[in-house]
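I have placed the structure first, in the form of structure tokens, so that the comments after it can refer back to it.
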Amino acid sequence: MTPPAAAPHVRLRRVYDPPEPADGTRVLVDRLWPRGLTKADARIDEWPKPLAPSTDLRRWYHGPEGDPAEFRTRYLAELTHPDAAEALDTLRTLARTGTPLTLLTAAKDPTTSHAAVLHDLLTG
């Protein structure tokens, strides 16, 4: 079976950054709405909450034992649950359309967050 084509037009940004025309479809990948941000200012097109890590996993990762490699492994396992897998398939479909897709997170450093794992899955 041939793997799906990579989607190089997938971007990773902070939801607090001002929207840009190059964003295309803006997808919030966090479970919680970002503090201090109105829905009008965020200009979110999709909010698939099942893609976000569980509360327990998020708390573990940001705690003293949190390890990026272990987080990735645990998060990938969570993405196999039916609701998350369905949401991920929807994102893959969006990514294959050729329209720019921007994954948004409130994380201070998106490159070390679950959003980066999603980005890797969509572009790798």
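The values are calculated or read from the model by the stated rules, or taken from the named source; none is laboratory data. Predicted, not measured: the structure shown is a model, and the values here were computed from it. Cβ sites come from the backbone with ideal geometry, for glycine too, and all protein chains shown count toward neighbours.
Looking only at region 102-115, decide whether some residue is crowded, with 20+ Cβ neighbours inside 10 Å and without any contact (Cβ under 8 Å) to a residue 24 or more places away in the chain. Yes; the residues of region 102-115 include at least one that is crowded, with 20+ Cβ neighbours inside 10 Å and without any contact (Cβ under 8 Å) to a residue 24 or more places away in the chain.
Checking the condition out of contact with any strand residue (DSSP E or B) (no Cβ under 6 Å at 6 or more places or on another chain), without any contact (Cβ under 8 Å) to a residue 60 or more places away in the chain and either of a type in the set (A, V, I, L, M) or outside any loop (DSSP other than H, G, I, E, B) (or both), which residue from Arg74, Arg92 passes? Result: Arg74 is the single residue among Arg74, Arg92 that is out of contact with any strand residue (DSSP E or B) (no Cβ under 6 Å at 6 or more places or on another chain), without any contact (Cβ under 8 Å) to a residue 60 or more places away in the chain and either of a type in the set (A, V, I, L, M) or outside any loop (DSSP other than H, G, I, E, B) (or both).
When Asp67 is tested against the conditions (1) surrounded by 12 or more Cβ atoms within 10 Å (Cβ to Cβ); (2) more than 18 Å from Leu122 (Cα to Cα), the lone failure is (1). In the set (1) touching a His at 6+ places or on another chain (Cβ under 8 Å); (2) modelled with pLDDT of 95 or more; (3) assigned to a loop (DSSP other than H, G, I, E, B), the condition left unmet by Asp30 is number (1).
Is it the case that some residue within region 85-95 is over 20 Å from Leu122 (Cα atoms), surrounded by fewer than 18 Cβ atoms within 10 Å (Cβ to Cβ) and modelled with pLDDT under 95? Walk me through how you get there before you give the answer.
Let us first name the residues in region 85-95 that are over 20 Å from Leu122 (Cα atoms), namely none.
Taking every residue of region 85-95 in turn, none turns out to be over 20 Å from Leu122 (Cα atoms), surrounded by fewer than 18 Cβ atoms within 10 Å (Cβ to Cβ) and modelled with pLDDT under 95.
For region 74-84, the criterion of being among the aromatic types (Phe, Trp, Tyr), crowded, with 16+ Cβ neighbours inside 10 Å and farther than 20 Å from Gly124 by Cβ is met by none of the residues. Could you list all residues from region 41-65 that are within 17 Å of Lys108 (Cα to Cα) and part of a loop (DSSP other than H, G, I, E, B)? Result: Ala52, Pro53, His62, Gly63.
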